[in-house]
Amino acid sequence: MNCLKAERKASVVAALVEGNSINATCRMTGVAKHTVLKLLKDLGCACGAYHDAHVCNLRVRRAQADEIWAFVYAKQKNVSLEQMQQGAGDVWTWTAIDADTKLIISYTLGDRGAGTATAFMQDVAARIANRVQLTTDGHHVYVDAVEDAFGADIDYAMLQKIYGAPSDAEMRRYSPATCIGCKTAVVTGDPDPNHISTSFVERQNLSMRMGMRRFTRLTNGFSKKLENHGHMVALYFFHYNFIRIHKTLRVTPAMEAGLTDHVWELDELLALLGKTSG
């Protein structure tokens, strides 16, 4: 991989962040599979380290949080205990987004339980420097996790969607149920009712489904190893925050949040490899 020229590395990264699978990226760029995976690993580590170091001390007025499902190797019901101990099975990606700048504040991979929720919310709280209004869905583990992370210094509300039953088995399997209403619940503080919403973070979930082949449903492009799954998530969020121009903002989320003064190029991303290895 050290012999791979910068232009070809950039081609590999461009293919990955536009939603191509590893095998498709290899066919498009002519780069060997193990080389693509090695580059993904190195970039994933570099992107995660940069996010940890620089996405902090944020001034956020309104944040939204949600979790999105995927699986590694096989769905949870089809894996053995030994495979599960190696990272196979269901994996959830928890994300928090700034509703104004569209910056991804924090992301965490894990299960959908209280332990992951607590670690996720602790990280969110550590990155925000002011009192914030937060909205999540009705997943019950958020209540204690938010309290443990923020205490009373937050305006927190839950938005619970109400779904109708699908009309037949085919609809139930391949299409989501129809949302027939929503109910809100104030948990802590005094959140503005006009901004109790999870629309932006749910739209980000759609972007993840479209931007990472590993998240596409009903395909064989799912992750085979948990490590590769995590590296791709880190690369995706770095690209989203610093490189990809948001259509509504017309700048990147990181620029809107004041974390950088320019749109990053892929060669700047690749330059992180030298910094982390050195």
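The values are calculated or read from the model by the stated rules, or taken from the named source; none is laboratory data. From a predicted model like this one, the values you see are computed outputs, not experimental measurements. Ideal geometry is used to build each Cβ from the backbone, glycine not excepted, and the neighbour counts take in all protein chains shown. The area values use the complete protein model at the heavy-atom level, side chains included, leaving out ligands, DNA and RNA. Shrake-Rupley method; radii C 1.70, N 1.55, O 1.52, S 1.80 Å.
Of note:
- Here the chain is treated with +1 on each Lys and Arg Cβ and -1 on each Asp and Glu Cβ, and its dipole about the Cα centre works out to around 1180 debye.
- When peptides 233-243, 141-151 are ranked by their average number of other Cβ atoms within 10 Å per residue, the highest-first order is 233-243, 141-151.
- Helix 6-17 and the longest principal axis of the Cα set of the chain meet at an angle near 30°.
- For the chain, the fraction of 1.4 Å probe accessible surface lying on carbon and sulfur atoms is 51 percent.
- For the chain: accessible area per residue (Å², 1.4 Å): 51 Å²
- Taking each DSSP H run with n ≥ 4 as -39500 (n - 2.57) and averaging over every residue of the chain yields -13000 deg cm²/dmol at 222 nm.
- Size estimate for the chain follows the Kirkwood approach: the inverse of mean 1/r over distinct Cα pairs works out to 19.9 Å.
- Folded to 0 to 90 degrees: helix 199-211 orientation relative to the chain principal axis, Cα: 20 degrees
- Contour excess over end-to-end distance, with Cα ends at Cys56 and Met28 and 0.36 nm allotted per residue: 6.4 nm
- Once the chain from Asn78 to Val263 is taken as fully extended at 0.36 nm per residue, the excess over their C-alpha distance is 62.3 nm.
- Figure legend: label point modelled 7 angstrom from the Cα of Asp192 along Cα→Cβ; residues of the range 60-86 with amide N under 16 Å from it are 60-64.
- Using a cut-off of 21 Å between Cα atoms, the listed pairs Lys38/Lys75; Lys38/Lys224; Lys38/Lys102; Lys5/Lys275; Lys77/Lys225; Lys9/Lys275 include Lys38/Lys75; Lys38/Lys102 as exceeding that distance.
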